[in-house]
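Participant: Below is one structure. I have some questions about it.
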Amino acid sequence: MSKYAHGQIVKALAGFYYVDTGEELYRCRARGIFKKDGVTPLVGDFVSISVQDEEEGVVESIESRRNAFIRPPVANVDIFVVTVSTAEPEPSLELTDRFLVTAELAEAEACLCINKDDLLPAQAKRIAAVYEGLYPTVIMTALTGDGVPELKALIAGKSAAFAGASGVGKTSLIALLTGEEALETGDVSEKTGRGRHTTRHVEIFKLEDGTRVYDTPGFTSFETAAAADLTDANIDALFPEFEEYLGKCRYADCMHENEPDCAVLAALESRGIKRSRYESYFKLLQTKKELQW
Ligand code: GDP
Ligand code: ZN
């Protein structure tokens with residue numbers, strides 16, 4: 001007798017996929033057919049499994065994905081928490097915008113987490129002002145836990161992945177979110193046994209409110225946005241505040257570089273578009289052109 005169940009891959013380790021059905025955690029092998037078809041199950045995949053016994057099963061099929069990434073290898077990110085620090089390392093708005101664009105390309109939501117408010121609060125306010133009205137933003141201090149409830153509210157009920165330069169505090173934030181919950185549920189052995197800091201596997205942690213957090217230090221570089229995605233995309237459509245000006249330039253194919261009667265350049269002059277955001281757009285456009293050559 002074989003029984004079927006539905007769940008999400010929450011961990012991939014040593015050729016096994018750990019599937020959480022909401023009631024049980026099954027250690028699964030993948031059907032050979034996946035390999036033949038060049039499909040690799042990813043952490044975050046929603047799958048159907050056939051159950052062998054109380055602990056083991058076989059991944060039979062994978063549901064279509066909202067998005068998928070190569071490095072780190074995860075699928076179905078609902079929201080990216082784009083993380084930047086006020087100092088140590090010094091914030092880069094260009095890198096921040098690249099991560100936001102990555103989220104737009106993946107058709108995921110994005111929010112902004114400005115960490116290390118303790119070091120340079122004036123810098124936090126300056127960054128927040130750039131993104132006001134564009135992306136939900138939280139200013140916080142992972143070191144003290146300040147702002148954690150606000151961060152939790154931004155990602156509540158979603159599958160959230162952190163993205164940001166090395167050193168901005170992603171690991172600290174993930175530990176705050178998942179560690180606290182593990183302690184709250186009293187499951188200390190699981191918390192200490194998972195070896196987050198010693199192994200490099202990706203894992204999803206479920207918080208009590210249903211939020212899922214991808215525990216991965218990855219998403220530190222622009223590799224997440226596949227070059228192919230970028231060459232196909234209309235770069236101007238990846239900047240939400242450009243939208244109201246698109247289609248209003250003199251030329252239908254305006255790239256908003258130096259063309260006459262460009263609505264985007266006019267908005268830049270009248271400060272409807274922030275200069276740092278325009279500069280990020282401009283750089284990304286050059287990157288796209290280089291890829292096409
Ligand atoms: P990651 O590389 O993005 O994962 O960053 P980590 O979480 O490893 O943090 C890098 C360093 O910044 C560590 O030494 C943390 O203790 C420190 N750090 C993290 N959050 C804060 C914060 O809010 N304030 C300060 N001053 N330091 C922090
Ligand atoms: Zn234009």
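The values are calculated or read from the model by the stated rules, or taken from the named source; none is laboratory data. This is a predicted model, so every value here is computed, not measured. FYI the Cβ positions are ideal-geometry reconstructions off the backbone, even for glycines, and counts take in every protein chain you see. For accessibility, only protein heavy atoms count, side chains too; no ligands or nucleic acids. Shrake-Rupley method; radii C 1.70, N 1.55, O 1.52, S 1.80 Å.
Participant: In the range 111-119, is there at least one residue being outside the structural domain of S172 (by TED's automatic domain parsing) and either at pLDDT 95 or above or of a type in the set (G, A, S) (or both)?
Facilitator: No, the range 111-119 has no match at all.
Participant: Right, here's the next one. Output yes when any residue across the range 8-29 is farther than 22 Å from V213 by Cα, of a type in the set (A, V, I, L, M, F, W, C) and not in a loop (DSSP other than H, G, I, E, B), and no when none is.
Facilitator: Checking the range 8-29: not a single residue is farther than 22 Å from V213 by Cα, of a type in the set (A, V, I, L, M, F, W, C) and not in a loop (DSSP other than H, G, I, E, B).
Participant: Taking the range 209-228, which residues are in a loop (DSSP other than H, G, I, E, B) and at pLDDT 90 or above?
Facilitator: Within the range 209-228, D209, G210, T211 meet the criteria.
Participant: For the range 229-251, what are the residues that are within 10 Å of ligand 2 (Cβ to nearest atom), open to solvent by less than 40 Å² (accessible area, probe 1.4 Å) and not in a helix (DSSP H, G or I)?
Facilitator: Passing the criteria: only C249.
Quick grid of which residues meet (1) closer than 30 Å to S2 by Cα; (2) buried (at least 21 other Cβ atoms within 10 Å of the Cβ); (3) at pLDDT 95 or above; (4) not assigned by TED's automatic domain parsing to the domain that holds E279:
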| residue | (1), (2), (3), (4) |
| --- | --- |
| Y18 | yes, no, yes, yes |
| R29 | yes, no, yes, yes |
| F34 | yes, no, no, yes |
| F46 | yes, no, yes, yes |
| G57 | yes, yes, yes, yes |
| T83 | no, yes, yes, yes |
| T102 | no, yes, no, yes |
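Participant: Let me ask something else. Is it fair to say E259 is within 16 Å of ligand 2 (Cβ to nearest atom), at pLDDT 90 or above, assigned to a helix (DSSP H, G or I) and surrounded by fewer than 18 Cβ atoms within 10 Å (Cβ to Cβ)?
Facilitator: No; evaluated as a whole, the condition is false for this residue.
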